[in-house]
Structures are given as C-alpha cells and as structure tokens.
Amino acid sequence: MPDGITVRVQTDSDSFRDVVVKIERPAYHKPFLGGFKNRITGVEFHNAGSQTIPKKRPDKGIQLFCRATQTVFEKNKPQQTKNTTSTQMTKTGLYVSNMTDKLISPGKYLTAEEYHKRRLEAVIVLQTYFRRWHAMNVVQNLREEKRLRLVWEAQEEIRRKKEKEEKLRREQERRLNPKTREDFERLYHALELWRQEETERINRTLTGAERKAAFCGLLEQEAQLIASIGRHKLNADEENQQKAILHFLDKCAQPRRWKAYHGKITEMDTQYTLRARELFEIYRSISMNDIPKDERTDVLLTLRHTVKEHECKLTKEIVELIDMEVDLMSREVKECNLEGLRKRICTLFLQYIKTPKFNPEVARILKVPPDPLKLYKNVNFCHSCENYLPSTEFPVPANSCTIGRCRLCCKLDNEAWRREASLKYRLILENLRKSEADYQDDAKIVFFIQHQDLQYMVENIWGCQSALSACSNFYDLVMVRWDKQREWSPWNTILLTKDEADAHLKLRNLQEAYEAAFIHRIKHKHIQAKNYFAQIPAMTSFLHRSDNQANAN
C-alpha cells in the first residue's frame, strides 16, 4: 500500500471532491483480539481494535525505572502489662499465720568473672566429649576404608592371578593347538628363541668336531619342529577354510540393516537375501557328516531341484554327481568311500553359490568384481612372488616410499629368517585406535601409522617398558595421549601400563602431577619421535598442524 491515497467524496448531489488520505503505518504489531471463521467459505473475521498510536512520554534525558514493591515492614516491640497485687500484714485486730512461710538466707555472691569461668569449663567438657565422639567416628571410618581397601586389593590380586593363569593356559593351548596366523607367529618366534639359546650353549660349551656334530643335531631338530608346525598349519588351514566359507555364506544371508532416525536398527529381507539364506542352509546340510541315509537323500533331492532351475554345464555336473551318490548309497557303499564324491559336490555347489547369476547377493561381497575392467584399478605388482595383487595385500609403513612385497611374501620371509612375533605391537595399536575413536575429535595420525612404525617407537624410543614403572610386560602396556586435549601423535604419547594409563588420563595439570625431570625426559622422547617421523613427507602436514595446535593452547 502506498503512503497516501486519494479518495473522491460526494459533497453535493452533483459535485465531488478529491481528498488525500495519509496512511500512518503502526510501529507495533496489532494484537489478536479474537474472532470467528466461516466454516463454509473459510474466511476469517477478526475483532476490531484501536489503531490509535499510543502517546509517547517525553524524553527527559534521564533513565527512569519503575518498580512495584510488595515488601512488608514488620516491627516487634515488647509490652509489659500492669498487674495489680496486694499484701496483707499482721496488725492489731488481724492475725496472719506464718506456718507456710520460708526463710531465705543469702548465698555466696557469684561475680561475672567466676560465672563466665564456670561456663567456659562446662563448654570445654562438652567439647571434650564431642571431639572424642568425632574422633571415634573418624577412626571407625578410616578402619572401614582400610578394610574395604584391603578387600579390594585382595580381590584385585586374585583377579590378576586368575588372569595370569588364564593367560598362561590360553598360551599353552594356542601352542599345542595353533589355529590362527598369530599362533603360528608365536610358534616360529619360540622356535627362533630356542635355536638361539641352543646355539649360544653349543658355542659356549663345545669346540671342534663336537661343536659341528651338535650343530648338525640342532639343524635336524629344527627341521623336525618346522615340519611339525607345517602339519599343524595344514590342519588349521583346512578348518579355517571351512569356517571362512560358512562365515561368507552367513554374511550373504544377513538382512539389510540401517539406523533409523530414532536410533533403532531396522532390518529388511529382500528376495536376494532370502535366496542367499536358502542356499546357505542347503550348503550347511550337505557339508554335514554322520547323518542318516534318508536325511542325506532328502538333502540331495532338495539340492537337485534347486540347481535344476538353471541350465548350464555346472548345474548338469552337479546333478550327475547327485545321481551318482544316490545310486551308490542305494548299493550300500561305505561312507568312507563316498567322502571324495561328497567333497566334490560341496565344491561345485559352493562355486554355484558364488556365481552372481545364481545368487545375486554374493556380488556385493565378492572380492573379485564381476566387471573385469575394475581389476585394473588399485592393482600392484609384487616383485617377490611376481603376482598382480590389490593394494590391500601390500603392507605399507609410514616411512615407505615404494610398495614392496605383498603380505604373503613378508610372512614367508619372517617365518624363514627373522621369525618375529608382531602380535604384541598389533594389540597395542588396536587398543590405541579404539581409545582414539572414543574421543571423536577427528584423529587421523593413529590410523595412518602401521604396526611397524609402532614397533620402532616402542623399541627404539620407549625402550620396551613403561615410562613410570619400567614394566616390560607387553600385554599390559598401552599407549595413550600425553596431553589429552591434543590429538594423539608420536610426539604426544606416553607408554604406560593399563592402571597407570587410567590414572594418567584423570590428571588435569601435568606440571603439578609430575616432576620437572620426568617431564623433561618425556619431552626428549617426543623430540626423538618428531625427528624420525619428520623424514616422512606424508607426516609433514600433521607436524605443522600439531605445532599450530600447541601454540594455540
């Protein structure tokens, strides 16, 4: 609307006059005073209100405040009311009995000093009894705290003892029945330690021909132990392969999951996951041993109907093998003679399951993509085994400039020469990454370094022991932030035991908690780590960011 409008007003029967009306815009929002709404047309009608602009008070140049008070002033004033009394004495013509009268004699006069002294003595007696009661309570509380502390320490000692026994039992079990790669690393490491001890003993005690004969016997024993470890590895690989197949098929059969807006996990089965679950159940059934013949026949018939849905060379071969096994079972052939045939059926059916045409859900999990063109991306050449492998198969330390050898070649080289056990360093790195992920402050350096870099830090900078207690038990050592307000980095870390790390992270002021000599020693180790990692080009940006953060703090 414009600031002014022209209105034509009729002044006479045949005359009109134009009047200019100035529009005054209100400086405040018109309040809603109610109204009603036509339910048929939907038109709203509001109650009218005054459009008069409120009068402004003149500005006197002085800031005024308006305050309404509800304070009630009360006043207490004692009043002494009058009480009229009378006395009556013996006189002429009146006798008053004195049988109930009491004779009052004045006592010893007590001065103000004596009165206050007696009050002070009474207060001292009261304080004596109160302090005795308070001291008894304090001593009782201290005794209770001491008792609880001793009970806790005894429980902790029992817990540590049980953990140590359980750890030794697990170590013994893992050495007798190795199953994982870490178990075999420990076996080879123990073998290398035994060989070094025997070599040192032979060099120290024997000479000449006896020394050579002892070395030949040692070499023969070492070869026998390596062969025994190899047999254990073959058995473990076979068992682990079956577990890996079942885990792979179970992963394919899992429903789709996503996190909803309210934080709950929602699951949904698709036609592909249902198909994968059906194939997984059939594979698990046909791979079972020692089941009755009628159940085995039912499983084979189910498998036959499943694979006959698709016509190809693979399915025809599976059907022929199923018919062959059913025919042999009807002829009462022994179970031991059917093992090779059953393994072949399982292998071909697993190949059937891993084909995306027959099981579309498997295409999401297969390492080898269905499209061959995708294999050309992120593929590197291993100069040791001369194979082309994906980049994930190459361990790349932070200070490496080239790709180097693949993981399998590094593993074989370690088993043949160095025989080092890197499990302890991987455990420290894994615990460190978990603790850094809990901070949720976008830490990056801890996920950039590998266990080889952590091994260099632990061995060459921290001396394989705790900075506080010099504890050298690797399975009790952890790395935490030196200054918990800054991101973890090799120049902002400290190696401690688990209990020491918990106490360290609770500190608020490091300068007050530690002595200056200890802080200086830790800073010197940080400088060593910074000088080592400064040679790596990828760590340069992290160094500058850490320096800027330290200056800001």
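The numbers here are math on the coordinates, done by the rules we state, and not lab data. Predicted model only: the values in this text are computed from it and were never measured. When we count neighbours, we look across all protein chains shown, and the Cβ atoms used for this are built from the backbone with ideal geometry, even at glycine.
What's the longest uninterrupted piece of the chain once you rule out the chymotrypsin sites (Phe, Trp or Tyr not before Pro) that are loop residues per DSSP with at most 14 other Cβ within 10 Å? Between the exposed loop sites, the longest stretch runs 262-553. Extension gain, L110 to R8: 0.36 nm times the residue separation minus the Cα-Cα distance gives 25.9 nm.
A protection proxy built from the mean count of other Cβ atoms within 10 Å ranks the segments 202-212, 496-506, most packed first, as 496-506, 202-212. For Rg and Dmax of the Cα atoms in Å, which listed value, [x] 31.0, 95; [y] 46.7, 155; [z] 29.5, 95, comes from the coordinates shown? Entry [y].
Once the Cα atoms are used to define both axes, helix 112-176 deviates from the longest principal axis of the chain by about 10 degrees.
When only Cα pairs below 8 angstrom with a gap of at least 6 residues are kept, the chain shows a relative contact order of 6 percent. Diffusion coefficient (Stokes-Einstein, Kirkwood radius over C-alpha pairs, 20 °C, 1.002 mPa s) for the stretch 4-50: 148 µm²/s, rounded to a whole number. Compute the distance from the alpha-carbon center of the stretch 193-213 to that of the stretch 426-490, in whole Å. The stretch 193-213 and the stretch 426-490 have Cα centres separated by 39 Å. For V480, the residues 5 or more places off, or on other chains, whose built amide H falls under 5 Å of its own are I494, L496.
How far is helix 181-205 tilted off the main Cα axis of the chain, in degrees rounded to 10, range 0 to 90? Result, in degrees: 70.
Let me spell out the model: positive unit charges on the Cβ of Lys and Arg, negative unit charges on the Cβ of Asp and Glu, origin at the Cα centre of the stretch 197-353. What dipole size does that give, in debye rounded to 20?
620 debye
For the pair L103 and N137, a Förster radius of 56 Å applied to the C-beta separation gives a FRET efficiency near 0.60, rounded to the nearest 0.05.
Modelled spin-label separation between A363 and T302, with each label point placed 7 Å from Cα along the Cα-to-Cβ direction: 2.7 nm.
The sum of -39500 (n - 2.57) across all DSSP H runs of n ≥ 4, divided by the residue count of the chain, sets its helix-only mean residue ellipticity at 222 nm to -17000 deg cm²/dmol. Across the stretch 508-534, no residue has a backbone nitrogen under 16 Å from the label position 7 Å along the beta-carbon direction of R418.
The alpha-carbon of K55 sits under 24 angstrom from the alpha-carbons of these lysines, leaving out residues fewer than 8 places away in its chain: K22, K30. Think of the chain as having a plus end and a minus end, set by charges on the Cβ of Lys, Arg, Asp and Glu; of Q241, Q10, L366, Q10 sits farthest toward the positive end of this dipole.
Taking a 30 Å limit on the Cα-Cα distance, which of the listed pairs K259/K444; K498/K530; K233/K354; K259/K506 fall beyond it? Long pairs (Cα-Cα over 30 Å): K259/K506.
With a ≥ b ≥ c taken as the square roots of the eigenvalues of the C-alpha gyration tensor of the stretch 424-551, please select rounded if a/c is under 1.5 and otherwise prolate if a/b is larger than b/c or oblate if it is not? Rounded. Stretching the chain fully between S228 and S86 yields a gain of 38.5 nm (0.36 nm per residue, less the alpha carbon separation).
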